[in-house]
Amino acid sequence: MHIVVCTKQTPDSAAKLTVDAAGNVSWGDSPIVINPWDEYAVEEALLIKERLGGNARVTVISMGPEAALEALKHAIAMGADEGIRIWDPIFEGSDTLATSYVLAKAIEKMGDVDLVLFGKSAIDSQTGQIPVEVAYRLGFSPLTYVIKIAELDPAGKTIIAERLLEQGRQVVKAPLPAVVGTIKGINEPRYPSFMGIRKATRAQYPVWSATDIGADPAKVGAAGSGVRWTRIFSPPTREGKAEIIQAETVEETVRILVDKLMAEKVI
Amino acid sequence: MDFSLTPEHEMVVRMVRDFAEKEVAPYIKEYDRAHKPFVRAIERMAELGIMGICIPVRYGGQGMDYISLGLACEELERVDTFLRVVMSVHVGLNSLGLLQWGTEEQKQRFLVPQARGERWAAFGLTEPGAGSDVAAMAATARREGDSYILNGEKMWISLASMAHNFLVFARTDPKAPPHQGITAFIVERETKGITTGDIHGKLGVRAGSTGWIAMNDVEVPAENRLGEEGEGFKIAMSCLDNGRYTIGAGATGLIRACLEASAKYAHERRTFGRPIAEHQLVQQMIARMRRDYEIGRLLYLRAGWLKNQGIRNTWQTSLAKWFATEASFAAASDAIQIHGAYGYSDEYDVERFLRNAKGACIYEGTSQIHELIQAQYVLGYRQDRPLRCELPAYDPEEWQREA
């Protein structure tokens, strides 16, 4: 079974984003890390691989410039088998439509992919659109908000997944290949191991260009994007007041909290 | 000269930081307040391989270098000192001692399970009446056939009540001067005659474990002797070269914790109509923390680099330890000052930082001992002599060899 995990690099979640008058976004000198939601997808791929023994391999891909290596390295250090960076200068300025096209072309090139895993969304742009777009382009079963992969049958080519929706849990069965969007709670991502760290820093990360994946230049980058940015600005700072409830016992603290929440009509 | 860390080092830093922030930081206050050893955190460090970080793979370790050990200690003590103390005794004072002085058989028997984190290790040098003054050591070891009989008491021993293996020092020749009459032994907890206990009422490091070891006619097989008879003093001093390294690196992390907490609070807290960060005297304290953090880091990284090269580093490590521990105490004190009355309560971390900082100015050579060491090297009263066994230089291929 060949599992592909799509990752991207993002600024650290503690980064302070600023936007200047011209609309340029900066996160200062914050380190670039693997998108935290993607760690759940990598972990899930590794858990599946461990369950299937030697009959699975995990490839991590990321569309992005040199900085995307951080995401790939982290995934390899966690235990993924191989990392491929998909990049070409003409990819610059891609929105989700163009990005999903590039990722789908790369997955298509691999030819033997049974399962594609994604994090819920990227913490920088937070669109969450890519998994469904990639599934649509490849004709794979789209399964989003997955909290549990209940069954995976590589021979029968089926997957049973539990989706966490606002209305409750939905159990769905779908044919493979499938695209799965994972969410927090599906697992607890492992830390990179020291052996994995060594492997990650020594691994070769091939770069696939637009030509390598057979991408049509008209469908990538700004040219292939549907989104137009009219203005970029910082949202107003949220003003709020914090109150710390202190009581003698936990029970008393909870009682006061519940009273306040009810008074505010929150619950 | 290259001041940059390798990508491997950077990933080690991130991994250890993630662990400490996720699994220790949210709970540390609770354990510290309750004077309760945070055992689960030590178990996790063992599972993650942190307790064998710089031990060669064929001895059960992770095969990283000595700089990685320092970086890990900085990250651990940035969250709490007890985590670094575990590294100091388990890795610095004990496991690296076995790596340097142990026979192949001793390494297989004792170092492998220690590096894997299956058996925890402590270091028994200090006694109720003998700290810096090693010559006052009263514990004895008497040879009887193929064994030694150990008697005496060790005090202020980190992990005393938790460790499985102890590296214990005792006099084999009471008449000889200490640098000739002391011998080192690997003693397992299960050995008859060993009792241990905890010391209560400590100022700091309350989530850790500090205690005593009593030895009453403890029979230790001769094959558990580390090094030659009478070589114990040299072994102890070389172990301290590694223990002190972890302390210097850790104390540097403590300065960073003070700096981060202070900078954050200085932006939040307003007095006289503006954030206190804008007051010059607050800036002065923050500038000093920054200065000391950078000096501490350069000093310990140089010591780590010397270890990687296989070059003796006694005075450089002593300097790193002396400087960073004193500076961490000053930084913690200033951090409380910046936090004002809030810093005086345990609502914030900085009061814990101050309590935790003091111990390291005392153990593994008081600050005064380190001052003397520095002067004595400069004045020519002290010089390094080659040892029978030197700490091996870091060789990535050798360290990562499976067998």
For this session: Give the longest segment of chain B that steers clear of chymotrypsin sites (Phe, Trp or Tyr not before Pro) in DSSP loops with at most 15 neighbouring Cβ atoms within 10 Å, not counting the sites themselves.
Result: B:28-271
Problem set entry | Sparse-neighbour loop sites [chymotrypsin sites (Phe, Trp or Tyr not before Pro); segment A:175-267; at most 15 other C-beta within 10 Å; DSSP] | A:229, A:233
Problem set entry | Vicinal HN-Hα couplings computed from phi for segment A:226-238 (Karplus, 6.51 cos²θ - 1.76 cosθ + 1.60; Hz; Gly/Pro x) | x, 7, 10, 8, 8, 7, 10, 8, 6, x, x, 5, 7
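Applying 1/(1 + (r/R0)^6) with R0 = 22 Å to the Cβ-Cβ distance of residue B:35 and residue B:358, what FRET efficiency is obtained, to the nearest 0.05?
0.85
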Seminar exercise, completed: Checked segment A:2-219 with the C-alpha gyration tensor, a ≥ b ≥ c its square-rooted eigenvalues, rounded below a/c of 1.5, otherwise prolate if a/b is larger than b/c and oblate if not; verdict rounded
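Of the listed pairs A:105/A:184; A:73/A:148; A:8/B:29; B:107/B:192, which have alpha-carbon separations greater than 32 Å here?
A:8/B:29
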For this session: Please check chain A for the longest run free of trypsin sites (Lys or Arg not before Pro) that are loop-located per DSSP (anything but H, G, I, E, B) and have at most 10 other Cβ atoms within 10 Å.
Result: A:17-227
Exercise. Treating the beta-carbon of each Lys and Arg as +1 and of each Asp and Glu as -1, no other charges, what is the dipole magnitude of the protein assembly as shown about its Cα centre, to the nearest 20 debye?
Worked result: 540
Exercise. Going by how many other Cβ atoms sit within 10 Å of their own, how do A:138, B:354, B:203 line up, fewest first?
Worked result: B:203, A:138, B:354
For this session: Over the alpha-carbon set of the protein assembly as shown, work out the extent along each principal axis and list the three values in angstrom, largest first.
Result: 88, 65, 55
Problem set entry | Computed label-point distance, nm, for sites residue A:250 and residue A:92 using a 7 Å Cα→Cβ extension | 5.5
For this session: Compute the distance in nm between two label points, each set 7 Å from the Cα along the Cα-to-Cβ direction, one at residue B:190 and one at residue B:5.
Result: 3.9
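With +1 on each Lys and Arg Cβ and -1 on each Asp and Glu Cβ, how big is the dipole of chain B about its Cα centre, in debye rounded to the nearest 20?
Numbers: 47 positive and 53 negative charges, 168 e Å.
Rounded to the nearest 20 debye, it is 800 debye.
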For this session: Report ³J(HN,Hα) in whole Hz for each residue of segment B:305-311, in order, from the Karplus equation J = 6.51 cos²θ - 1.76 cosθ + 1.60 where θ = phi - 60°; Gly and Pro get x.
Result: 5, 4, 4, 4, 7, x, 9
Problem set entry | Most positive-pole-ward Cα, A:154, A:249, A:267, against dipole of chain A from beta carbon charges | A:154
Exercise. Efficiency by 1/(1 + (r/R0)^6): what FRET value for residue B:104 and residue B:164, r their Cβ-Cβ distance, R0 = 22 Å, to the nearest 0.05?
Worked result: 0.60
Problem set entry | Mean residue ellipticity (222 nm) of the protein assembly as shown, computed from DSSP H runs ≥ 4 via -39,500 (n - 2.57), nearest 500 | -12500 deg cm²/dmol
Seminar exercise, completed: With Cα springs under 10 Å, the Gaussian network model of chain B assigns the largest mean-square fluctuation among B:244, B:388, B:119 to B:388
Problem set entry | Modelled FRET efficiency - R0 45 Å, residue B:346 with residue A:209, Cβ distances, 0.05 increments | 0.20
Exercise. How many nm is it between the label spots at residue B:403 and residue A:233, if each spot is 7 Å from the Cα in line with the beta carbon?
Worked result: 6.9
For this session: Could you tell me which of B:392, A:143, B:267 has its Cα farthest along the dipole of the protein assembly as shown towards the positive end, charges placed at Cβ (Lys, Arg +1; Asp, Glu -1), taken about the Cα centre?
Result: B:267
Exercise. Between residue A:84 and residues 5 or more places away or on another chain, which pairs have amide H atoms under 5 Å apart, with H built 1.01 Å from N, and which residues are they?
Worked result: A:60, A:61, A:62
Problem set entry | Kirkwood Rh and Cα Rg combined as Rg/Rh, segment B:122-231 | 0.97
For this session: For segment A:177-193, take each phi angle, set θ = phi - 60°, evaluate the Karplus expression 6.51 cos²θ - 1.76 cosθ + 1.60, and give the result in whole Hz per residue in order, putting x for glycine and proline.
Result: x, 9, 10, 10, x, 8, 10, 4, x, 5, 6, 10, x, 6, 7, x, 8
Exercise. Counting other Cβ atoms within 10 Å of each Cβ, which GluC sites (Glu not before Pro) in segment A:45-117 have at most 13 and sit in a DSSP loop?
Worked result: A:92
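What is the dipole size for segment B:299-347, taken about its Cα centre, with +1 at each Lys and Arg Cβ and -1 at each Asp and Glu Cβ, in debye to the nearest 20?
Roughly 540 debye, rounded to the nearest 20.
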Seminar exercise, completed: Which residues qualify? For residue B:143, with a placed amide H closer than 5 Å and at least 5 residues away or on another chain, they are B:149
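Each value in this text was obtained by applying a stated rule to the coordinates, not by laboratory testing. Because the structure is predicted, anything quoted here is derived from the model rather than measured. Counting neighbours? That spans all protein chains shown, and the Cβs are built from the backbone with ideal geometry, glycine included.
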